[in-house]
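To start, the structure itself, in structure tokens.
No lab work stands behind these numbers, since they all come straight from the coordinates. Just so we're clear, the structure is a prediction, and the values are computed from it rather than from any experiment. No Cβ is skipped: glycine too gets one built from the backbone with ideal geometry, and neighbour counts run over all protein chains shown.
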Amino acid sequence: MSSCAQLMQACVKQLEAAGIEDALLNARELVGKAMQTDCRSIEFDMKLKQQADSSVQTQVENLCKRRIQGEPLQYIIGEWEFYGLPFKVGKGVLIPRQDTETVVETVLRKAPVDKPLTIIDLCAGSGCIAVALEKHLECEKVYAVEKSMQAMDYLRQNISLNNSRVIAVQGDVTDEQTLNRFDTADIIVSNPPYLTKEDMQALQKEVSFEPESALFGGDDGLDFYTTIIRLWKTRLRQGGMMAFEIGIDMQDEVMTMLVRHGFENVRAVKDACGIFRCVTGFKK
Ligand code: GLN
């Protein structure tokens with residue numbers, strides 16, 4: 001029989017041999033999952049010395065196999081952190097990315113503070129943006145709009161997991177019927193699908209496990225920005241802010257669209273890697 005630590009070493013070796021980056025981090029997460037112990041706790045390192053029973057051993061082998069086949073670590077673990085908060089994730093919902101924290105930070109920094117806010121998050125997915133904003137701003141109402149039923153399921157779970165007041169709304173943001181269900185908001189925020197046709201053909205193995213509907217933004221990746229700005233500016237109060245996450249090098253196009261639709265103070269904000277990641281504008 002092997003100890004949990006030995007299982008972990010074997011797992012690291014297999015992951016490395018399969019060319020998985022950060023093999024040790026991956027192995028810790030997978031073994032932690034099999035042991036039902038948070039791999040970031042002190043308890044975990046103590047438990048590693050114990051003998052692994054056969055069910056843990058089988059579990060580690062299975063989880064390791066899934067990871068080697070390219071399934072994202074976050075899906076296998078079933079939960080991931082975003083902006084210091086836990087989010088359930090799995091097949092059918094986009095995994096919260098660190099890039100998206102730039103959008104949250106930007107909205108927190110630029111949000112009007114004169115009164116409790118009404119916020120609408122479009123293409124909300126796991127709900128990471130809506131829930132993080134609701135936790136950090138004084139809000140009247142926060143809506144999270146999502147089309148996919150599978151993603152809705154995660155969205156609802158994440159709202160209750162975080163004891164959040166976010167209201168989940170099932171709907172297609174490109175359908176005018178959806179906007180008729182809303183009064184005007186102070187902030188409309190969105191991380192829409194924005195990968196181009198070309199991007200979709202060159203997806204990293206892990207990303208290809210995520211829903212195409214959460215990734216593909218039309219041939220040039222800009223479809224959702226065009227439609228969201230045109231339709232949803234009518235649901236923004238005067239002085240209200242629209243904020244988007246954008247794909248690499250999309251800042252000029254998205255800023256131009258906002259300016260053409262009469263937005264002012266239109267700006268692009270860089271993420272921690274120096275890439276323009278967020279575009280904001282205010283309705284005149
Ligand atoms: N940031 C994601 C990626 O690079 C794309 C998410 C999106 O389209 N909004 O895979």
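Under the convention that each Lys and Arg Cβ holds +1 and each Asp and Glu Cβ holds -1, the size of the dipole of the chain around its Cα centre is about 520 debye.
Computed packing ranks the peptides 112-125, 162-175 as 112-125, 162-175, most packed first, by mean other Cβ atoms within 10 Å. A convex hull fitted to the Cα coordinates of the stretch 100-228 yields 111 cubic angstrom per residue. Dividing the mean sequence gap of close Cα pairs (under 8 Å, 6+ apart) by how many residues the stretch 45-111 holds gives a relative contact order of 18 percent. With neighbours defined as other Cβ atoms within 10 Å of a residue's Cβ, the residues 254, 131, 56 order from fewest to most as 56, 254, 131. Taking the number of Cβ atoms within 10 Å of each Cβ as an exposure proxy, the fewest-first ranking of 181, 67 is 181, 67. Here's the picture: charge each Lys and Arg Cβ at +1 and each Asp and Glu Cβ at -1 in the stretch 150-284, and of 203, 269, 248 the one pushed furthest to the positive end of that dipole is 269.
In this rough spin-label picture, where each label sits 7 Å from Cα along the Cβ direction, the residue 275-residue 79 distance is 2.9 nm. Remark: the stretch 257-269, residue by residue, has Karplus-estimated 3J(HN,Hα) of 4, 5, 4, 4, 8, x, 7, 10, 6, 7, 9, 10, 10 Hz, where x stands for each Gly or Pro and the curve is 6.51 cos²θ - 1.76 cosθ + 1.60 at θ = phi - 60°.
Can you tell me the length gained on complete extension of the stretch residue 49 to residue 227, counting 0.36 nm per residue apart and subtracting the Cα distance? Length gained between residue 49 and residue 227: 58.5 nm. For the stretch 52-136, report the translational diffusion coefficient in µm²/s to the nearest whole number, using Stokes-Einstein at 4 °C, 1.567 mPa s, and a Kirkwood Rh over Cα pairs. For the chosen part, D equals 86 µm²/s.
If each DSSP helix of 4+ residues adds -39,500 (n - 2.57) and the sum is divided by the residues in the chain, what number results at 222 nm, nearest 500 deg cm²/dmol? Mean residue ellipticity, 222 nm, calculated: -11500 deg cm²/dmol.
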